[in-house]
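Step one of this worksheet: look at the structure below.
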Amino acid sequence: MEKPNPLARAEYFSQRVRRLNRGASKEAIGQLASAIGFEPPPEMVAVLSYANGGRVCDFSFFGVVDPNAAFRSPKVRDILSKWRTLRSLKNLTAEWPSTWVPIGYNGFGDIYVLDSASLVLIPEGSILLVDHEFVGEEDAHSQFAIGYFSFLEKVLDELQMVWTPDGRIR
C-alpha cells in the first residue's frame, strides 16, 4: 500500500502562510536526475510531482525548473541551482560533499539535504540538517530523517507546534 503524500497536511495552514507550486513535470525531474547523477528516491519524486517546491510558514522546500515552461516562476527555488551554487563556493567546497543535494531550508538559514551516498544502503535516502553557522566543523550536520516523507512529516509536526493555522506564533 502506498503511503499518502504528507505534503497534503500543509492544508492545515491558511493560504496566507502556505504556498505550494504546481507539480513538476516528469521531464523536469528527469533533467534533475541527469544533472545530479542519480534518480531521486520515489518519495521525493512523488512530492515534486505534487508540489514543485513551496513555502509553509518559515520552511521552504526546493523544486525543479521545468525546461518547457514559458515562464520561470521566481517562487521555485531550484534544487539544481542551489546544489551548483553550494558546490562552487570556495570556502564551502571541501565541507560540502557533492552527494549532498539541498532540498529545503528553515527560517534560520539551516539547510536540509538529501545525502545521495546513503541511497546505496537506505533506498529512501538519509535527510541531514546542516547548521549554517558550523559548516566546516565536525558537528555541522546531523541526521534529521530517513526518507522524504518522514522529513516532511517531521517538519510539518514542528511547524504545527510553533505556528497557528493563520500563521501566528503560538
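The values are calculated or read from the model by the stated rules, or taken from the named source; none is laboratory data. No experiment lies behind these values; they were computed from the predicted model shown. A quick note on method: Cβ atoms are made from the backbone with ideal geometry, for glycine too, and the neighbour counts reach across all protein chains shown. Areas reflect the complete protein model, heavy atoms only, side chains present, ligands, DNA and RNA absent. Shrake-Rupley method; radii C 1.70, N 1.55, O 1.52, S 1.80 Å.
Could you look through region 116-170, keep only residues that are among the polar types (S, T, N, Q) and under 19 Å from Tyr105 (Cβ atoms), and pick out the one that is least open to solvent (accessible area, probe 1.4 Å)?
Step one: of region 116-170, the residues among the polar types (S, T, N, Q) are 116, 118, 126, 142-143, 150, 160, 164.
After this cut, where a residue has to be under 19 Å from Tyr105 (Cβ atoms) as well, the list is 116, 126, 142-143, 150, 160.
Values: Ser116: 22, Ser126: 7, Ser142: 59, Gln143: 102, Ser150: 41, Gln160: 49 Å².
Once the filter is applied, the top-ranked residue is Ser126.
Restricting attention to region 103-129, which residues are aromatic (Phe, Trp, Tyr) and not in a loop (DSSP other than H, G, I, E, B)?
Residues of region 103-129 that are aromatic (Phe, Trp, Tyr), as a first pass: 105, 108, 112.
Scanning region 103-129 gives Tyr105, Tyr112.
Give me the pairs: first residue in region 130-148 and in a helix (DSSP H, G or I), second residue exposed (fewer than 15 other Cβ atoms within 10 Å of the Cβ), beta-carbon distance under 6 Å, and six or more apart or on different chains, which are they?
His132/Gly109
Would you confirm whether or not region 100-112 contains a residue that is open to solvent by less than 30 Å² (accessible area, probe 1.4 Å) and either farther than 24 Å from Ser49 by Cβ or at pLDDT below 90 (or both)?
Residues of region 100-112 open to solvent by less than 30 Å² (accessible area, probe 1.4 Å): 100-104, 106, 110, 112.
Add one more test, that the residue is either farther than 24 Å from Ser49 by Cβ or at pLDDT below 90 (or both), and what stays is 110.
Yes, that holds for at least one residue.
Which of the residues spanning region 1-56 are small (Gly, Ala, Ser), in a helix (DSSP H, G or I) and farther than 20 Å from Met161 by Cα? It would help to see each step written out before you state the result.
Taking region 1-56 first, the residues small (Gly, Ala, Ser) are 8, 10, 14, 23-25, 28, 30, 33-35, 37, 46, 49, 51, 53-54.
Now drop any that are not in a helix (DSSP H, G or I), which leaves 8, 10, 28, 30, 33-35, 46, 49.
Across region 1-56, the qualifying residues are Ala28, Gly30, Ala33, Ser34, Ala35, Ala46, Ser49.
When region 9-45 is examined, which residues are found to be small (Gly, Ala, Ser), at pLDDT 90 or above and buried (at least 20 other Cβ atoms within 10 Å of the Cβ)?
Matches in region 9-45: Ala24, Ala28.
Restricting to region 1-35, what's the tally of residues that are in contact with a Leu (Cβ under 7 Å, 6 or more places away or on another chain) and touching a residue at least 60 places away in the same chain (Cβ under 8 Å)?
Within region 1-35, residues that are in contact with a Leu (Cβ under 7 Å, 6 or more places away or on another chain) and touching a residue at least 60 places away in the same chain (Cβ under 8 Å) number 4.
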